[in-house]
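One structure is given here, and the rest of the page talks about it.
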Amino acid sequence: MTGPILEVHDLHVRFQTPDGEVHAVRGVDLEVAKGETIAVVGESGSGKSQIMLSVMGLLASNGRATGSVRFDGNELIGLSPKALNRYRGVRLAMIFQEPMTSLDPLQRIETQIGDPLVFHQGMSRAAARTRVLELLELVGIPRAKDRLTAYPHELSGGQRQRVMIAMALANRPDVLIADEPTTALDVTIQAQILQLLRDLQQRLGMAIVFITHDLGIVRHVADRVYVMQGGEVREHGRVREIFEHPRHAYTKLLLSAEPEGTKRPPPPGAPMLLEAKQVEVVFELPKGLLGRSKEAIRAVDDVSLSLREGQTVGVVGESGSGKSTLGRAMLRLLPAAGRIAYLGRDLTDLDQETLRPLRRELQVVFQDPFGSLSPRLTVGEIVGEGLRVHEAALGAAERDRRVVEALNEVQLEPRFMRRFPHEFSGGQRQRIAIARALVLRPRFVLLDEPTSALDRTIQKQIVELLRALQQQHKLTYLFISHDLAVVRAMADTVMVMQNGKVVEQGPTQRIFEEPQEDYTRALLAAALDLIPVNAAATAS
Amino acid sequence: MLRYVLRRLLGALPTLLVIVTVAFFLIRVAPGGPFNLERPLPPQIMENLLAYYQLDQPLWRQYFNYIGGLLTGDLGPSYVYRDFTVDQLLRQGLPVSIQLGGTALLLAIGVGTALGTFAALRQNRAGDVGVMTVAMVGITIPNFVMAPVLTLIFAIWLGWLPAGGWGEGALINKLLPVFTLALPQIAVIARLTRGSMIEVLRADHVRTARANGLPPRVVTLRALRGALLPVVSYLGPAAAALLTGSVVIETIFGIPGIGRYFVQGALNRDYTLVMGTVVTIALFIVVFNLLVDLLYAVLDPKVRYD
């Protein structure tokens, strides 16, 4: 092996913002040898993406990189976009996290994959077509010929990521940078894409740089790893060494960030809280311009479940499985057929007006801690809003006292009351959302992917918080998640959904250890293969 | 696609009927009538006139008569331009207004998008600030100020261009009115283009294009296509407004379009003339909104009408 193909030395990235300079990357050194796979791992804000965006000359316009980036001996920092284009898309390629938005929605697949060929090799579109076809087949797109004329919105997320990879590989790059390439995908698709990248690397012999927050991926694919925190490399070395003998405290923290433990079972004979029988939600597709077509999607198809007080039922499934729709139907947040009873009282025929007093006891926490808090209200107003509706008799002082109490319970300082949501991190916002639900002293909480938008270390904290609160207040949870590790740590029983139907349900331990159905097995295989706790345990 | 167009046009009929009905009764609510002159006409003559034009009949019957005429394409006689039917007046004026407005529209689209793109690529730098300042001036200075000022400079002081008149559509006569008419539209389109272009240039897929090392010119053109969508939706109403004549511009430059008929008709209570212009403008708006929606489908593959 000769010298490294990519060499980053003392790289600094600074952003000029209205609030002053942000020093995002602080003197990073990093090397990539030919044909090697490295991973740069860290949580959001650690600067891991900014390093590779500097390499590609793609920093935001208020950002500036200093230091040295040498590609095959040539300095890249300071090159004009035009000069950089001798490398970008030719010898250096990059794929991104968001396959939904990273392709041009207005251009056909053929054009987009062909672009690097046309603009770098001067191929004609007709000549490029043959090569595009080869590439589509290489990345495993079925019926490649029919897909040439497709637009991105006609493809699934996994297919779009395959198209991104095909585009990046068009000119057989020496280095492929993959920025969280599977984060936005379902676990089974994730496993497929990683497998594809590994195969392609073996066939084409390129180096791959993975940027990821997911230690499972690192364990799975990389030769060497760089652990980043606060813009600096904390530790680097061979993956095996780092996983088995982490030296830096932060690496240890990351490695133990997997949600641990299981939930204590509810006391036997706990009363039945919420019971649903044969729930069915059908969305009709408005299609055809004159007549109504009868086409309909059964988002939830004949699902029954029951929750006893203090119990947590975990609902897992990939996107489109109907798990969120089921959750909403349970609370009558959208129209559904079937019978839903709360404490023996049938909710099905109640109108929204009669339902309202019950809503106090049935609360929801959503996935998106950014979208679900109004940016124009203070934290105190957000948390206290439910009290204004359901306990209108409370005075302002008493209401504030209850808000403070709720904030204390989620371990936020009461002085945060006067601040606005944008001043908080994702984990803190999710705590605010939990406080908003708790302040009404509910008996049931629907948790719809409450940890999915958060970093692993934060996820673990939220899982522990939710479990503690449940214990303390005898809460009942319906916990919806695509993340099997989190569900394992949270739920008493698990329900696996696919295409609106229940594939399998049972006690958490049984589902994880002795899955009966093929789909459950596939889901577990795809996910657990990537979970580092298991991997690390079996690594020795 | 054809079915979609037909459906849209059929769907516009109720809208048009409502517009015609509201306009018909509104103008009748206004005090006075077409024959109320400063010196009142003798009662006998007034009666004869009203009878001749069937204005003595109950209002509901006049309404149905008008609708009946409209269905056969008869817009009725003008009450003020006595020797003309409304149809004839529109036939004379509309081509002039369309020529004027159409040229202004094309100019506005071309120059506006170019300036907007130029500004977006130099966001917050001197070029951007310059273009946006000029655009602001274009929007804020009303055309009844801009028109005389330009006339003063180019027609009176420099003597390069005629101060007014249509000159049977000679190019030299069109320059000033077209430019004055286009100026605020150039400004609006430039601002719209800049805004949406800045947004698209930050999009993930533009980053992908740059990561692929596509030439900057190609990246810009690709981005522009996406950025034009909001501009296109603005063009529907704007085109209808421009093509159906500008009252101010046609009056100041003495151009025989239909814009002035609208105002004169309203002031003179020339009921049929007002109705004729209302129907024309409504039709234009319906048609141009349809064209905009069709253009959307051409630009954005996610939009399909079949």
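Of all the listed residues (A:V118, A:V132), the sole one being farther than 25 Å from A:Q202 by Cα, within 14 Å of another protein chain (Cβ to nearest Cβ), β-branched (V, I, T) and not in a loop (DSSP other than H, G, I, E, B) is A:V118. Filter region A:239-265 down to the residues that are within 21 Å of A:L469 (Cβ to Cβ) and of a type outside the set (D, E) and list them by number. A:A257, A:P259, A:G261, A:T262, A:K263, A:R264, A:P265, listed by residue number. Yes or no: region A:84-103 includes at least one residue that is more than 30 Å from A:I189 (Cα to Cα), out of contact with any strand residue (DSSP E or B) (no Cβ under 8 Å at 6 or more places or on another chain) and assigned to a loop (DSSP other than H, G, I, E, B). Yes, the conditions are met somewhere in region A:84-103. Here A:V90 fulfils each of the conditions (1) in contact (Cβ under 8 Å) with a residue 60 or more places away in the chain; (2) more than 9 Å from chain B (Cβ to nearest Cβ); (3) surrounded by fewer than 20 Cβ atoms within 10 Å (Cβ to Cβ) apart from (2). Could you tell me whether region A:28-43 includes any residue that is modelled with pLDDT of 90 or more, within 13 Å of A:G230 (Cβ to Cβ) and under 27 Å from the mean Cα position of the chain (by Cα)? There is at least one residue in region A:28-43 that is modelled with pLDDT of 90 or more, within 13 Å of A:G230 (Cβ to Cβ) and under 27 Å from the mean Cα position of the chain (by Cα).
Considering only residues in region B:156-191 that are more than 25 Å from B:L115 (Cβ to Cβ) and touching a Gly at 6+ places or on another chain (Cβ under 8 Å), the one that is modelled with the highest pLDDT turns out to be B:N173. Within region B:227-235, identify whether any single residue is in a helix (DSSP H, G or I) and within 13 Å of the chain's Cα centre (by Cα), and answer yes or no. The answer is yes; a qualifying residue exists. Quick check: anything in region B:29-40 under 30 Å from B:N289 (Cβ atoms), touching an Asp or Glu at 6+ places or on another chain (Cβ under 8 Å) and not hydrophobic (A, V, I, L, M, F, W, C)? No - not one qualifying residue is present in region B:29-40. Restricting attention to region A:336-372 and to residues that are free of Cβ contacts under 8 Å to residues at least 60 places away in the same chain and aliphatic (A, V, I, L, M), the residue that is surrounded by the fewest Cβ atoms within 10 Å (Cβ to Cβ) turns out to be A:A337.
Within region B:194-210, the presence of a residue that is farther than 30 Å from A:Y87 by Cβ, away from chain A (no Cβ under 14 Å), in contact with a Ser or Thr (Cβ under 6 Å, 6 or more places away or on another chain) and buried (at least 21 other Cβ atoms within 10 Å of the Cβ) is excluded.
Here's a check for you: in region B:258-284, which residue that is of a type in the set (V, I, T), part of a helix (DSSP H, G or I) and in contact with a Gly (Cβ under 8 Å, 6 or more places away or on another chain) is nearest to B:L13 (Cα to Cα)? Walk me through how you get there before you give the answer.
Kept after step one, since they are of a type in the set (V, I, T), are these residues of region B:258-284: B:258, B:263, B:272, B:274, B:277-281.
Narrowing the set further to residues that are part of a helix (DSSP H, G or I) leaves B:263, B:272, B:274, B:277-281.
Applying the additional criterion that residues be in contact with a Gly (Cβ under 8 Å, 6 or more places away or on another chain) yields B:272, B:274, B:277.
Working: B:T272: 20, B:V274: 19, B:T277: 17 Å.
If we take residues in region B:258-284 being of a type in the set (V, I, T), part of a helix (DSSP H, G or I) and in contact with a Gly (Cβ under 8 Å, 6 or more places away or on another chain), then B:T277 is nearest to B:L13 (Cα to Cα).
Tell me, which strands (runs of 3 or more DSSP E) wholly within region A:308-410 include 2 or more residues that are at pLDDT 90 or above and under 25 Å from the mean Cα position of the chain (by Cα)?
Working: elements: A:312-316, A:337-342, A:362-365.
Here the list reads A:312-316, A:362-365.
Only one of the numbered conditions (1) under 23 Å from A:V132 (Cα atoms); (2) among the hydroxyl-bearing types (S, T, Y); (3) surrounded by fewer than 17 Cβ atoms within 10 Å (Cβ to Cβ); (4) under 22 Å from the mean Cα position of the chain (by Cα) is not met by A:T182, and that is (3). Kindly establish whether A:G216 is in contact (Cβ under 8 Å) with a residue 40 or more places away in the chain and away from every other protein chain (no Cβ under 14 Å). Yes, satisfied. Considering region A:94-115, and only residues there that are over 25 Å from B:A297 (Cβ atoms) and at the interface with chain B (Cβ under 7 Å from one of its Cβ atoms), the residue that is surrounded by the fewest Cβ atoms within 10 Å (Cβ to Cβ) turns out to be A:E98.
Evaluated against (1) at pLDDT below 85; (2) surrounded by fewer than 23 Cβ atoms within 10 Å (Cβ to Cβ); (3) more than 14 Å from chain A (Cβ to nearest Cβ), B:R304 falls short on exactly one condition, (3). All conditions in (1) away from chain B (no Cβ under 14 Å); (2) surrounded by fewer than 17 Cβ atoms within 10 Å (Cβ to Cβ); (3) under 27 Å from the mean Cα position of the chain (by Cα) hold for A:A60, with the sole exception of (1).
Considering each residue of region B:160-183 in turn, at least one proves to be surrounded by fewer than 20 Cβ atoms within 10 Å (Cβ to Cβ), farther than 23 Å from B:G102 by Cα and without any contact (Cβ under 8 Å) to a residue 12 or more places away in the chain. Residue by residue through region A:490-518, note down the ones that are out of contact with any helix residue (DSSP H, G or I) (no Cβ under 9 Å at 6 or more places or on another chain) and aromatic (F, W, Y). If the condition is that a residue be out of contact with any helix residue (DSSP H, G or I) (no Cβ under 9 Å at 6 or more places or on another chain) and aromatic (F, W, Y), then no residue fits. When you check B:A239 against the structure, is it crowded, with 20+ Cβ neighbours inside 10 Å and at pLDDT 90 or above, yes or no? The answer is no for B:A239.
Restricting attention to region A:500-517, the residues being in contact (Cβ under 8 Å) with a residue 40 or more places away in the chain and not hydrophobic (A, V, I, L, M, F, W, C) number 5. Going through (1) within 14 Å of chain B (Cβ to nearest Cβ); (2) loosely packed, with under 14 Cβ neighbours inside 10 Å one by one, A:F71 falls short only on (2).
Among the conditions (1) surrounded by fewer than 14 Cβ atoms within 10 Å (Cβ to Cβ); (2) more than 15 Å from B:L273 (Cα to Cα), B:I67 misses just one, which is (2).
Of A:Q471, A:Q516, all but one fail to be assigned to a loop (DSSP other than H, G, I, E, B), at pLDDT 90 or above, over 19 Å from the mean Cα position of the chain (by Cα) and not hydrophobic (A, V, I, L, M, F, W, C); the exception is A:Q516. Of the listed requirements (1) within 14 Å of chain A (Cβ to nearest Cβ); (2) assigned to a loop (DSSP other than H, G, I, E, B); (3) not basic (K, R), B:I255 misses just one: (1).
Going through region A:135-160 one residue at a time, which ones are in a helix (DSSP H, G or I) and away from chain B (no Cβ under 12 Å)? Step through it out loud before you land on a result.
Quick first cut of region A:135-160, residues in a helix (DSSP H, G or I) only: A:135-138, A:144-147, A:152-154, A:157-160.
The answer is A:L135, A:L136, A:E137, A:L138, A:A144, A:K145, A:D146, A:R147, A:G157, A:G158, A:Q159.
Against the conditions (1) without any contact (Cβ under 8 Å) to a residue 40 or more places away in the chain; (2) surrounded by 12 or more Cβ atoms within 10 Å (Cβ to Cβ), B:A51 satisfies every one except (2).
The one condition from (1) in a helix (DSSP H, G or I); (2) of a type in the set (A, V, I, L, M); (3) within 11 Å of another protein chain (Cβ to nearest Cβ); (4) touching a residue at least 24 places away in the same chain (Cβ under 8 Å) that A:I51 does not meet is (3). Residue check: is B:V287 assigned to a helix (DSSP H, G or I), within 11 Å of another protein chain (Cβ to nearest Cβ) and touching a helix residue (DSSP H, G or I) at 6+ places or on another chain (Cβ under 9 Å)? No.
The values are calculated or read from the model by the stated rules, or taken from the named source; none is laboratory data. What you are looking at is a predicted structure, and each value in this text was computed from that prediction instead of being measured. Quick reminder, even Gly has a Cβ in these numbers, built from the backbone with ideal geometry, and neighbours come from all protein chains shown.
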